[in-house]
Amino acid sequence: MGAENDRFRATALRFLDGLLKRRVPIDALGMQGHLSAFANPVDQRKLRAFLEEIRARGLAVLITELDVDDTGGSRDIAAREPRGGR
């Protein structure tokens with residue numbers, strides 16, 4: 001989550017603020033997540049702060065799509081998913 005993602009989050013919050021200021025009926029923000037388990041780890045602190053900013057505006061957060069690219073991880077399923085992948 002580099003500078004481009006920082007700008008995206010700031011822009012999204014400004015957009016939401018504009019909608020709320022105009023009293024547009026909005027209850028939630030839907031988000032997609034396309035994550036990489038090994039190549040570009042998520043900055044959890046920044047993501048948590050962004051989600052808290054949305055919630056502070058009285059909005060729910062809906063995860064509408066989430067996928068994780070595990071390229072580079074172990075091919076051994078038992079090692080990768082110790083609970084048997086369930």
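The values are calculated or read from the model by the stated rules, or taken from the named source; none is laboratory data. A quick note: this is a predicted structure, and the numbers were derived from the prediction, not measured. Cβ coordinates were reconstructed from backbone atoms using ideal geometry, including for glycine residues, and neighbour counts include every protein chain displayed. Note: areas computed on protein heavy atoms with side chains; ligands, DNA, RNA excluded. Shrake-Rupley method; radii C 1.70, N 1.55, O 1.52, S 1.80 Å.
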Exercise for the section: Might you let me know whether region 56-78 holds any residue that is over 14 Å from the mean Cα position of the chain (by Cα), loosely packed, with under 13 Cβ neighbours inside 10 Å and modelled with pLDDT of 95 or more? Expected result: yes
Problem - Looking only at region 26-50, and only at residues there that are in a helix (DSSP H, G or I) and open to solvent by less than 60 Å² (accessible area, probe 1.4 Å), the one that is nearest to residue 9 (Cα to Cα) - result: 50
Handout entry: Evaluation of residue 67 against (1) under 16 Å from residue 26 (Cα atoms); (2) in contact with a strand residue (DSSP E or B) (Cβ under 9 Å, 6 or more places away or on another chain) (one fails), failing number
Key = (1)
Handout entry: Which numbered condition residue 53 fails, given (1) in contact with a helix residue (DSSP H, G or I) (Cβ under 6 Å, 6 or more places away or on another chain); (2) open to solvent by 70 Å² or more (accessible area, probe 1.4 Å); (3) assigned to a strand (DSSP E or B)
Key = (3)
